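Read the figures in this text as sums done on the coordinates, not as results from a lab. Fair warning: this is a prediction, and the values are worked out from it, not measured in the lab. No Cβ is skipped: glycine too gets one built from the backbone with ideal geometry, and neighbour counts run over all protein chains shown.
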Amino acid sequence: MPQYAILRFEKHKGNPARPLEAHHERQKEKYASNPDVDPSRSKYNFHIVQPQGRYYHFIQNRIEQAGCRTRKDSTRFVDTMMTASPEFFKGKSVKETAAFFQRAADFLIQRVGRENIISAVVHMDEKTPHMHLTFVPLTKDNRLSAKEILGNRVSLSKWQDDFHAYMVKAYPDLERGESARETGRQHISTRVFKQAVQLTEQAKRIEAALSGINPLNAAKKREGTLVLLKKFFPQMENFETILKKYRAGFSRLEQKNAALAQEAKAGREHKLHEQLEQNKLEIEVRELHRIVDAIPDDMKRQLRAQARYGQTKEER
């Protein structure tokens, strides 16, 4: 079975730094959004680059040290996921697995600079070992520019080529996966699917609470609904930010349905499965939007104001 070297980037504007840190560094007691995490195995996780304090503070310090200008929509850090196909890790010792991730980290360290790396942590407590390497996208002349470092879709394909070429020198059996530019697809991570399912479950409880509000119980029911929304709404807004990059792919799904049936007949069931999973996610997202649209505007404004106040306090 083919074994692939895998490299993926996800850009962030800064606000998700704390929740991402809590997930990557396993600072939470429970991981409801990711049932694949086995906390009993988290003790086997290890760092290639140990974080020096909080992610947010590291990001701010590097930007200030560089003296570069930022905008509200600037990408302040990049989350990189590096791994290989599950089959690659079968039978490998902890030492061999660590050597793989050290080499993968070295590839990125050479490209973006050791001084810009926030953390590089290997998760051994999920189904497939993988590394999250986060970095501040500063250019050599101290400009904050993820666009220049990562480039466009053509450049990202070149990143994949270079990563494979670097890794295959030590691991000759690794193959280069199909480029999204060639297939017209955009990868949607398992984490995004899990978030969609979790948020849909929460949203249905909120919808039931909203539908139960009437003039006789308005005050009490509203208070109870706000408790549910305080947890749900910030997660939903963060999820919306993540989904923006997949919108173009969603718009093409309906046009591809007929072609998918032909692909299945031609024996390409694995590709059909991937596209059907994208369709499934789109259905979940549409359901979420339907429920979110039903939340009264005054409640949304109140929740946004509370979220901004809470974030300001945490970042101090």
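Close amide-amide hydrogen proximity is noted between His47 and Val122, each under 5 Å apart and 5 or more residues distant or on a separate chain (H modeled in the peptide plane; Pro and chain starts excluded). Ordering Thr200, Thr80 from the fewest to the most neighbouring beta carbons within 10 Å gives Thr200, Thr80.
Listed by Cβ neighbour count within 10 Å, with the fewest neighbours leading, His164, His57 appear as His57, His164.
Between His130 and His123, the built amide H atoms are under 5 Å apart, and every one of these is 5 or more places off in sequence or on another chain. Which pairs in the list Lys72/Lys169; Lys43/Lys204; Lys90/Lys169 are over 31 Å apart, alpha-carbon to alpha-carbon? With Cα atoms farther than 31 Å apart: Lys72/Lys169; Lys43/Lys204.
For Gln3, the residues whose amide H sits under 5 Å from its own are Glu175, ignoring neighbours fewer than 5 places away on the same chain, with H placed 1.01 Å from N.
Here the residues Asp298, Asp79, ranked from fewest to most Cβ neighbours within 10 Å of their Cβ, fall in the order Asp298, Asp79. Mean projection of the alpha-carbon convex hull of region 3-183 over all orientations, in nm²? Across all orientations, region 3-183 yields a mean hull projection of 10.8 nm².
Look at the Cα gyration tensor of region 56-97: its axes a ≥ b ≥ c give a/c of at least 1.5 with a/b over b/c, and that counts as prolate. Phi angles across region 142-151 convert, under the Karplus curve 6.51 cos²θ - 1.76 cosθ + 1.60 with θ = phi - 60°, into 3J(HN,Hα) values of 6, 10, 7, 8, 5, 4, 6, 6, 8, x Hz, Gly and Pro given as x.
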